[in-house]
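The values are calculated or read from the model by the stated rules, or taken from the named source; none is laboratory data. It should be emphasised that the depicted structure is a prediction, and the values quoted were computed from it without experimental measurement. Quick reminder, even Gly has a Cβ in these numbers, built from the backbone with ideal geometry, and neighbours come from all protein chains shown. Ligands, DNA and RNA are stripped out before the accessible areas are found, and what is left, the full protein with its side chains, is counted by its heavy atoms. Shrake-Rupley method; radii C 1.70, N 1.55, O 1.52, S 1.80 Å.
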Amino acid sequence: TTRVTKVVANSSATIAGLNFTHTITDIVPSYSGKWYLDQGMDLSKLTFLVSYTDGKQEEISASDVKILTNVNEEGQKEILLSYKINGIEYTSVLSVEVIKRKPVALEMKPKNGNPVEGDKVKPEDYTVTVVYEDGSKKIVDNWTSKETIFEKAGENQITISYEEGGMEITQSISIMVDKLVVTSLTVTNAPKSVIEGNEIDYTGMKVVAAYN
């Protein structure tokens with residue numbers, strides 16, 4: 001619907017308003033007028049056309065279009081956009097549904113190699129990534145684990161959970177755990193000699209084992 005008409009300098013046409021059309025590569029696959037709340041308004045995913053009263057259209061750069069509406073909650077929103085030509089501002093409304101991205105999967109990897117049996121499940125030792133419904137990913141820290149320790153060598157299943165914006169996802173993750181192996185022994189203050197037939201006096205001797 002045309003609401004504004006202005007004569008543009010050095011042009012034989014009159015601007016009738018701004019029309020907004022969507023490209024094939026939109027924010028959401030099979031785009032249906034939705035925007036993700038935490039991603040903001042990404043105008044680069046849209047094609048902008050200026051319509052003239054003589055029927056002609058001209059594509060303009062998304063970087064020249066400004067958003068005049070702040071969106072900080074979910075729901076159907078009317079987004080006011082503006083564009084200036086020769087100092088004259090024109091506006092148009094884009095109707096969008098603002099939604100939260102839904103987390104659909106979790107990925108978990110050790111930061112410094114496989115854990116060893118008996119190790120505790122500590123957040124600082126793992127990288128946990130949340131996967132969203134649109135395929136995007138984000139590394140997160142505020143995840144929790146049902147298990148607190150790796151009890152055996154081999155494949156261990158642990159259950160981790162992550163909550164965001166009132167949406168929680170829980171997933172079982174397979175983690176390979178190495179066997180606890182003694183790699184060396186260090187002995188200090190060992191008795192230097194013993195008389196044949198006497199018992200060995202181990203008083204003061206210390207043995208320190210190093211593990212993998």
Lone unmet requirement of (1) within 16 Å of residue 84 (Cα to Cα); (2) at pLDDT 50 or above for residue 8: (2)
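Quick check on my filter: what residues within region 44-69 are touching a Phe, Trp or Tyr at 6+ places or on another chain (Cβ under 9 Å) and not in a strand (DSSP E or B)?
Those that are touching a Phe, Trp or Tyr at 6+ places or on another chain (Cβ under 9 Å) and not in a strand (DSSP E or B): 45, 61, 62, 64, 65.
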Scanning region 72-104 for residues that are in a strand (DSSP E or B) and among the acidic types (Asp, Glu), which turns out least open to solvent (accessible area, probe 1.4 Å)? 97
Has region 194-201 got at least one residue that is in contact with a strand residue (DSSP E or B) (Cβ under 8 Å, 6 or more places away or on another chain) and farther than 30 Å from residue 80 by Cβ? no
Residue count for region 119-132, restricted to those that are under 13 Å from residue 177 (Cβ atoms) and loosely packed, with under 14 Cβ neighbours inside 10 Å: 2
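So is residue 183 among the hydroxyl-bearing types (Ser, Thr, Tyr), touching a residue at least 12 places away in the same chain (Cβ under 8 Å) and more than 30 Å from residue 203 (Cα to Cα) or not? Write out each step before concluding.
Numbers: among the hydroxyl-bearing types (Ser, Thr, Tyr): yes; touching a residue at least 12 places away in the same chain (Cβ under 8 Å): yes; more than 30 Å from residue 203 (Cα to Cα): no.
No; evaluated as a whole, the condition is false for this residue.
State which residue is least open to solvent (accessible area, probe 1.4 Å) when the search covers only region 200-209 and only residues that are outside any loop (DSSP other than H, G, I, E, B) and of a type outside the set (D, E, K, R).
Residue satisfying both the conditions and the ranking: 209.
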When the residues of region 22-43 are narrowed to those that are in a helix (DSSP H, G or I) and under 19 Å from residue 132 (Cβ atoms), which ends up modelled with the highest pLDDT? 37
Select, from 139, 160, 149, the only residue that is in contact (Cβ under 8 Å) with a residue 24 or more places away in the chain and within 30 Å of residue 39 (Cβ to Cβ). 160
Which residue pairs have Cβ atoms under 9 Å apart, sit 6 or more places apart or on different chains, and have a first residue in region 114-134 that is part of a loop (DSSP other than H, G, I, E, B) and among the aliphatic types (A, V, I, L, M) and a second that is crowded, with 16+ Cβ neighbours inside 10 Å and modelled with pLDDT of 95 or more? 121/160
Restricting to region 86-143, name every residue that is under 26 Å from residue 47 (Cα atoms), within 22 Å of the chain's Cα centre (by Cα) and of a type in the set (Asp, Glu). 97, 133, 134
Those residues of region 52-71 which are surrounded by 15 or more Cβ atoms within 10 Å (Cβ to Cβ) and at pLDDT below 75 amount to 52
